[in-house]
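Presented below is the structure to which this report refers.
The values are calculated or read from the model by the stated rules, or taken from the named source; none is laboratory data. Since the model is a prediction, treat every value here as computed from it, not as a measurement. Here Cβ is always computed from backbone atoms with ideal geometry, including for glycine, and neighbour counts include all displayed protein chains. We work out accessible area using only protein heavy atoms, side chains counted, and drop any ligands, DNA or RNA first. Shrake-Rupley method; radii C 1.70, N 1.55, O 1.52, S 1.80 Å.
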Amino acid sequence: MAEEQAPLRAPVGTKDVLWPESDRWMELVARFARRVRRAGYGLALTPLFEEARLFRRAVGEHNDVVGKEMYEFDDRGGRHMALRPEGTAPVVRAFVQHHPPVPWKAWYVTPAFRYERPQAGRYRQHHQLGVEALGTDDADLDVEVVALAAGFYDELGLRQVTLAVNSMGCAECRPAYVAALTEYLTSRRHDLCDEHKDRFERNPLRVLDCKRPACRQATAEAPRMVDFLDPQCASHFERVRGGLGALGIEHHLEPRLVRGLDYYTRTTFEFAATALDTAQNAVGGGGRYNGLAEAIGGGPTPGIGFGIGIERLLLACDAEGCFSPAASVPDAFVVDVTGGEMARDLAEELRRAGLAAERAYDGRSLKSQLKAADRSGAAVAVIVGPDEVAAGTVTLRGLRHQGAQEQVPRRVMVERVTAMAAEIHTPETHNPER
Ligand code: HAM
């Protein structure tokens with residue numbers, strides 16, 4: 001079929017999220033916002049596109065995310081731009097640009113764009129919930145940040161999530177480790193995957209992150225960064241692990257956890273949902289990036305954060321059968337068989353009073369409107385016929401649990417609907433905080 005005639009669809013590797021699934025997204029974001037707000041994080045909104053050089057400098061070029069997967073383009077003014085492949089660099093760029101007082105703690109919800117090979121749990125546009133905290137290297141902040149993510153998984157009801165941690169050291173102690181790793185990899189060169197066999201010298205840490213069986217096997221016995229940490233990095237890591245232990249956050253050391261972006265220093269961590277049987281089971285990850293602000297032109301400023309992939313998180317919830325908040329339903333559905341003006345006015349009156357109200361359109365029959373009312377899941381039908389109009393009343397019918405019917409003066413409609421809806425709504429719909 002000629003391209004022009006082919007039906008238009010969402011691009012490969014992207015998904016439309018429509019309701020009721022989008023209600024779940026809203027609830028997820030709202031819960032995350034409440035949780036991080038309680039810990040002092042404010043919402044940061046930054047542009048979806050930035051100068052491409054931001055990501056090259058911040059994330060590095062010798063990784064897939066920037067080196068191979070970035071959506072780049074020249075804008076009409078000839079500037080070289082990129083859609084954000086991740087959320088950290090833009091937030092740190094905003095920090096450097098506006099130099100707010102530290103510690104500066106931000107949270108975000110954002111799409112991220114990576115030209116990857118789509119598969120279950122891997123998309124070209126995915127969405128992340130994240131935090132970034134800048135201005136201190138205090139190990140307790142690392143613990144706080146990890147605890148925020150761990151607590152969030154827990155709140156959603158996820159029980160099969162493991163937490164791996166590692167330390168990447170710093171600019172002082174890492175070179176000795178990289179040299180030892182390079183020597184080791186050189187001796188195992190022929191056992192590495194095709195991609196890394198000839199090209200690991202530029203960034204040997206990437207081999208540790210390679211998921212191909214050959215590299216996994218060859219690096220099982222590789223030197224470990226944790227054995228090369230200088231005393232400051234070692235005691236920082238010890239305090240992080242001690243803090244996680246003190247808060248009852250189970251975790252294990254994963255010496256090969258270097259993560260797929262090049263800005264990390266010291267603490268790195270990753271959460272895996274073991275209920276997902278796909279290769280893509282990382283539901284969140286992050287770490288410290290004490291050199292990042294400087295790399296993009298700011299003063300030396302330590303920082304740490306994480307990103308949680310929303311799509312994968314929801315897949316993990318599905319796999320564990322948790323976090324299925326009730327879809328939002330209206331309090332009232334106005335059924336008007338007098339021509340529609342009453343539905344127009346009453347629906348508006350209910351909405352102004354803060355209630356959720358729906359109605360039918362196009363002068364449909366009583367039967368068809370009642371059917372629509374039922375389908376909407378509304379708690380109460382507000383029915384108006386010629387008798388009600390003449391008497392200045394409305395008829396209220398409970399639509400669930402064999403609801404009763406009563407005719408009440410129009411002026412008490414809001415009060416009665418409020419009371420009936422509160423009685424009928426399940427506690428979960430009414431109080432999503434539990
Ligand atoms: P990341 O590990 O690249 O880290 O991504 C964070 C999370 O986003 C992953 O754990 C995963 O849940 C989700 N994710 C990543 N790529 C995809 C994809 N193609 N499809 C679906 N989900 C995906 C970062 O982006 C860092 N900025 C995190 C961070 C914040 N580090 C410090 N601060």
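With just the Cα atoms defining each centre, how far is the stretch 78-121 from the stretch 264-292? Give it in Å.
Distance between centres, Cα-based: 16 Å.
Considering the options F228, L185, L205, tell which one lies farthest towards the positive end of the dipole of the chain, charges being +1 on Lys and Arg and -1 on Asp and Glu at the Cβ, about the Cα centre.
Working it through, the farthest residue towards the positive pole turns out to be L185.
Sort 137-148, 110-121 for me by packing, meaning the mean count of neighbouring Cβ atoms within 10 Å per residue, highest on top.
Result, highest mean Cβ count within 10 Å first: 137-148, 110-121.
Looking only at V389, V131, V165, which one moves most when the chain is put into a Gaussian network model with springs between Cα atoms under 10 Å?
Maximum among the listed residues: V389.
Can you give me the distance in nm between label points at T274 and E201, each placed 7 Å from the Cα along the Cα-to-Cβ direction?
Once both label points are built, they end up 4.1 nm from each other.
What percentages make up the Cα-Cα pair-distance distribution of the chain when the bins are 10 Å wide from 0?
Reading upward from the zero bin: 4, 18, 24, 20, 14, 10, 7, 3, 1, 0.
Ratio of alpha-carbon Rg to the 2.2 N^0.38 Å globular estimate for the stretch 332-422, to two decimals, please.
0.94
By DSSP, what percent of the beta bridges with both residues in the chain are antiparallel, rounded to the nearest 5?
Roughly 80 percent of the beta bridges in the chain run antiparallel, per DSSP.
Run the dipole for the stretch 48-107 about the Cα centre, Lys and Arg Cβ at +1, Asp and Glu Cβ at -1, nothing else charged, and hand back the magnitude in debye, nearest 20.
It comes to approximately 240 debye.
Considering only G67, G285, G169, give the residue with the highest GNM mean-square fluctuation for the chain, with springs between Cα atoms whenever their separation is below 10 Å.
Sorting by GNM fluctuation, first place goes to G67.
State the percentage of accessible surface on the chain attributable to carbon and sulfur atoms; use a 1.4 Å probe and exclude ligands, DNA and RNA.
51 percent
Mind checking the full-extension length gain between E221 and D74? Use 0.36 nm per residue of separation minus the Cα-Cα distance, one decimal, nm.
Value of the extension gain: 48.5 nm.
Given R₀ = 60 Å, what would the calculated FRET efficiency be for V408 paired with S235, taking r from the Cβ atoms and rounding to 0.05? Working shown, then result.
Numbers: r = 71 Å, r/R0 = 1.18.
Efficiency for this residue pair is about 0.25.
For a quick size check, give me the Cα extents of the stretch 134-218 along its three principal axes, largest first, whole Å.
Result, largest extent first: 46, 32, 15 Å.
In nanometres, what is the gap between the two model label sites at E250 and E423, each 7 Å from Cα along Cα-to-Cβ?
In this crude spin-label approximation the distance works out to 4.6 nm.
Between E348 and A171, what length in nm is gained on full extension when 0.36 nm per residue of separation is reduced by their alpha carbon distance?
Contour length minus the Cα-Cα distance gives 57.5 nm.
From the helices alone, meaning DSSP H stretches of at least four residues, give me the mean residue ellipticity at 222 nm for the chain, per-run term -39500 (n - 2.57), in deg cm²/dmol to the nearest 500.
That comes out to -11000 deg cm²/dmol.
Rounded to the nearest 20 Debye, what is the dipole magnitude of the chain about its Cα centre when Lys and Arg each give +1 and Asp and Glu each give -1 at the C-beta? Write out the running numbers ahead of the final one.
Details: 54 positive and 61 negative charges, 39 e Å.
That gives the chain a dipole magnitude of about 180 debye.
Taking the Cα centre of the chain as the origin and placing charges on Cβ (Lys, Arg +1; Asp, Glu -1), which of Q369, A150, A6 is farthest toward the positive end of the dipole?
Farthest towards the positive end: A6.
Normalised by the number of residues in the chain, what is the relative contact order in percent for Cα pairs under 8 Å and 6+ residues apart?
Taking the mean separation of contacting Cα pairs over the length of the chain, I get 15 percent.
Could you give the length gained on full extension between W25 and A6, defined as 0.36 nm per residue of separation minus the Cα-Cα distance, in nm?
3.8 nm
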